[in-house]
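Some notes on the structure that comes next.
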Amino acid sequence: MEELRSTEILDREIQEDARKKAARIIADAEKQAADIRSAVKERIQKAREERQSVYAAKEAAFKADAQAAVPLKKERFLAEYEDTAVTDAINEYIAGLKPAKKLELVKKLLAKYAPAFKNKKINAVVNGFDIKTIKDALEAEAGKGNVLSCTQAPKGQDFEGCIIETEDRSVKCRATISELVNRIVDTDRYELAAALFGGRLPE
């Protein structure tokens, strides 16, 4: 009986020892798990902070770029507004001219382009003006007999004036009202803008 009790005591001691070891293992496992969770949380927080920092930097750069672009956009808008206003003013002025005055303007363009086609065989198409009048002006500039043809422009060609092309197609000149407007805008843009806006563009 004594031996049996000793065995029971030993078994209980073994079981108790096993429970203690198991408890330590569980405690260690829980601590490791807690440490892992803590480390993961730290890493997540660090990653979140890094990401927020990157996003903040990108946002700041974007805002800086946007703010830098505003003056450029404004300057571009004002330049376009100025060009449109100047062009509209010129077109409005020319539209109010008498046909004889418009013809005079086209003849001046022909004289300006004359060195490019003088003494060369040319063909011309006309729109908005008397064909014979334009042909006479062309012959005066290119030389009599050098105007091979001077005809009405085909339908669909929307211009007012005369388009000249040499026989070999090496030279083409546009003595048109729209070309005149472009030349005026290119050469006198600032003076015209000053006249229109009193030397100051609208804000």
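We did not get these values from a lab; they are worked out from the coordinates using the rules stated. Note that this is a predicted model, so its numbers are computed, not measured. Methodologically, a virtual Cβ is constructed for each residue, glycine included, from the backbone with ideal geometry; neighbour enumeration extends over all protein chains shown.
Quick rundown of the values:
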quantity	calculated
Residue that is surrounded by the most Cβ atoms within 10 Å (Cβ to Cβ), among those in the stretch 104-148 that are among the basic types (Lys, Arg) and assigned to a helix (DSSP H, G or I)	Lys107
Residue that is nearest to the chain's Cα centre (by Cα), among those in the stretch 153-170 that are more than 15 Å from Val106 (Cβ to Cβ) and surrounded by 11 or more Cβ atoms within 10 Å (Cβ to Cβ)	Glu165
